[in-house]
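**Student:** Below is the structure I would like to discuss, written out as structure tokens.
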Amino acid sequence: MPDPTPPADPLLSKLKWLVGLRLLLASALLGSAVVLDWHERLPFPTEPLYALLGLTFGLSLLYALGIRLQHRLALQGRLQLALDLGLVTLLVHFTGGIDSVLPFMYIFVILAAANQFGPRGTVAVGLLGGALYGGLLLAEWTRIIGPAEFAGASLRSAGYAAYQVLIHALAFLVVAMLGSHLAARLHQARLELERRGLDLRNLQSLHEAIVANISSGILTLDLAGCVVSFNQAAERITGYDFATLRDRPWQDTPLAGCAALAEFFGRPDAPLPHAVSEMWLRRRDDRRIPVGIAVSPLRDAEARVVGLVAIFQDLTERRRVEEQLRQADRLAALGRLAIAIAHEVRNPITAIK
């Protein structure tokens with residue numbers, strides 16, 4: 001029966017992470033500003049900073065509500081990144097403009113874009129961040145936007161401003177390219193992991209189907225001698241169900257009379273068994289049946305012994321067929337003897353006649 005639950009949109013989880021990261025950064029900036037403002041006067045006015053942080057918290061609340069609606073998630077992601085670029089630009093402006101130490105905040109927006117979009121979208125966000133930073137410095141330099149009051153600020157030369165724009169724009173572009181490359185590699189690794197996980201689940205299903213439908217009984221024991229698995233054929237042969245024998249010691253199982261198991265668990269220093277033998281097994285209905293049993297060590301991927309596996313078969317039908325074959329052989333021998341006697345008797349009679 002197919003699963004009625006629709007698969008989760010991967011963009012949904014990415015947007016949730018983006019909202020959480022935004023709240024974390026905003027909280028860190030708010031806490032740092034409050035602590036510094038208590039101890040000493042900040043070199044820039046704090047009212048715009050607190051207003052920006054409050055706006056960030058309010059927008060995050062709206063983003064969370066929009067994510068819950070799960071409506072046009074791709075558009076929500078683009079809108080969030082665009083507003084984040086605007087908020088970072090305002091943050092840089094109110095913390096000193098060209099003298100601000102916060103242009104690195106653009107990098108978080110670029111990395112968030114790398115997590116959502118492909119290389120082109122990430123590079124576009126990086127270029128847009130560089131353009132906004134350069135436009136902000138140009139607007140402040142030309143007095144289109146009045147620079148924020150900044151303690152100790154001095155008039156910077158045009159060369160210095162151009163150098164800052166060039167360095168930051170180049171850094172944003174490099175981060176965008178590296179971030180998109182790493183995001184693509186991470187996406188490929190995630191797809192490969194999902195494919196391998198699917199192969200593993202298919203292999204596990206195939207293994208369970210083989211073990212469940214095989215005609216031989218399989219009993220698996222750990223190194224303490226307790227039952228780990230008991231397949232359906234084993235339940236059919238012995239009359240015991242797995243729920244009854246789970247985690248029970250091997251002495252409480254129908255194979256308690258197996259000499260190989262007794263030797264291994266009775267003598268820990270004994271060599272590992274690879275024994276094939278026959279024994280009489282007492283079923284749950286108290287009926288005794290002949291079984292053939294093979295005991296061998298169970299190893300993990302590192303070839304370490306983690307338990308024992310006993311594979312056994314009901315030999316009742318084979319014993320019956322063997323008995324029929326023996327009877328047929330005896331009847332055939334009697335027939336040959338009768339023919340030989342008749343031949344020996346016929347010769348003298350023929351001579352007498």
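The values are calculated or read from the model by the stated rules, or taken from the named source; none is laboratory data. Keep in mind it's a predicted model, so treat the numbers as computed, not measured. Glycine gets a Cβ as well: all are built from the backbone with ideal geometry, and neighbour counts include every protein chain shown. Areas reflect the complete protein model, heavy atoms only, side chains present, ligands, DNA and RNA absent. Shrake-Rupley method; radii C 1.70, N 1.55, O 1.52, S 1.80 Å.
**Student:** Rolling a 1.4 angstrom probe over the protein chains, ignoring ligands and nucleic acids, what is the accessible area of Tyr240 in square angstrom, nearest 10?
**Tutor:** 60
**Student:** Please check: in the Gaussian network model of the chain (C-alpha springs, under 10 Å), which one of Ala310, Ala209, Ala342 has the largest mean-square fluctuation.
**Tutor:** Ala342
**Student:** Kirkwood hydrodynamic radius of the stretch 168-232 from all distinct Cα pairs, in Å?
**Tutor:** 16.1
**Student:** Here is a follow-up. When all protein chains stay in place, what accessible area (Å², nearest 10, 1.4 Å probe) is found for Asp314?
**Tutor:** Number for this one is 70 Å².
**Student:** For the stretch 222-318, state which GluC sites (Glu not before Pro) are in a DSSP loop and have at most 14 other beta carbons lying within 10 Å of their beta carbon. Working shown, then result.
**Tutor:** Details: sites: Glu235, Glu263, Glu278, Glu302, Glu317; in loops: Glu302.
Loop-located and lightly packed - Glu302.
**Student:** Here is a follow-up. For the stretch 184-328, what does the accessible surface come to per residue with a 1.4 Å probe? Please give it in Å².
**Tutor:** 63
**Student:** Further question: At what distance in nm do the modelled label points of Ile145 and Arg72 sit from each other, each positioned 7 Å from its Cα along Cα→Cβ?
**Tutor:** Reported label-point gap for Ile145 and Arg72 is 2.7 nm.
**Student:** Tilt of helix 105-116 relative to the longest C-alpha principal axis of the chain, in degrees (0 to 90, nearest 10)?
**Tutor:** The two axes meet at around 40 degrees.
**Student:** In terms of the Cα gyration tensor, with a ≥ b ≥ c the square roots of its eigenvalues, is the stretch 47-184 rounded because a/c is under 1.5, prolate because a/b exceeds b/c, or oblate?
**Tutor:** Note, shape of the stretch 47-184 comes out oblate.
**Student:** Averaging sequence separations of C-alpha pairs under 8 Å and six or more residues apart, then dividing by the length of the stretch 182-244, give the relative contact order as a whole percent.
**Tutor:** 21
**Student:** What angle, in degrees between 0 and 90 and rounded to the nearest 10, separates the Cα long axis of helix 46-69 from the longest principal axis of the Cα atoms of the chain?
**Tutor:** So the inclination is approximately 40 degrees.
**Student:** Here's a follow-up. When only the heavy atoms of the protein chains count and the probe is 1.4 Å, how do Asp222, Asp247 rank by accessible area, highest first?
**Tutor:** Accessible-area ranking of Asp222, Asp247, largest first: Asp247, Asp222.
**Student:** Rank these residues by their accessible area, most exposed first, probe 1.4 Å: Cys226, Cys258.
**Tutor:** Greatest to least solvent exposure: Cys226, Cys258.
**Student:** Once you put a point 7 Å from the Cα of Trp17 and another 7 Å from the Cα of Tyr50, both along the Cβ direction, what distance in nm separates them?
**Tutor:** With each label placed 7 Å out from Cα toward Cβ, I get 3.5 nm.
**Student:** Can I ask one more? Under the definition of Cα pairs under 8 Å and six or more residues apart, what whole-number percent is the relative contact order of the stretch 212-320?
**Tutor:** Rounded, it is 26 percent for the stretch 212-320.
**Student:** Packing-wise, with mean Cβ within 10 Å as the measure, how do 64-73, 286-295, 103-112 rank, highest first?
**Tutor:** Result, highest mean Cβ count within 10 Å first: 103-112, 286-295, 64-73.
**Student:** I need the P(r) histogram for the chain: all alpha carbon pairs, bin width 20 Å from 0 out to the longest distance, whole percents.
**Tutor:** Using 20 Å bins, I get a P(r) of 20, 26, 18, 20, 9, 4, 2, 0 for the chain.
**Student:** How tilted is helix 158-213 with respect to the longest principal axis of the chain? Cα atoms for both, answer in degrees (0 to 90, nearest 10).
**Tutor:** Tilt relative to the chain: about 20 degrees.
**Student:** Taking amide H positions as placed in the peptide plane 1.01 Å from N, state which residues far from Arg248 in sequence (5 or more) or on other chains have amide H under 5 Å from it.
**Tutor:** Those lying under 5 Å, H to H, from Arg248 are Val227.
**Student:** For the stretch 207-339, what does the equivalent ellipsoid look like in terms of its semi-axes, each the square root of 5 times an eigenvalue of the Cα gyration tensor, given largest first in whole Å?
**Tutor:** Equivalent-ellipsoid dimensions as semi-axes: 34, 17, 14 Å.
**Student:** Report the relative contact order of the chain, percent, no decimals, based on alpha-carbon pairs under 8 angstrom and at least 6 residues apart. Mind dumping the intermediate values first?
**Tutor:** Details: 380 pairs, mean separation 36.6, N = 353.
So the answer I get is 10 percent.
**Student:** Carbon and sulfur together cover what percent of the accessible area of the stretch 280-328 at a 1.4 Å probe radius? Mind dumping the intermediate values first?
**Tutor:** Numbers: 1570 of 3100 Å².
In the stretch 280-328, the share of accessible area belonging to carbon and sulfur is 51 percent.
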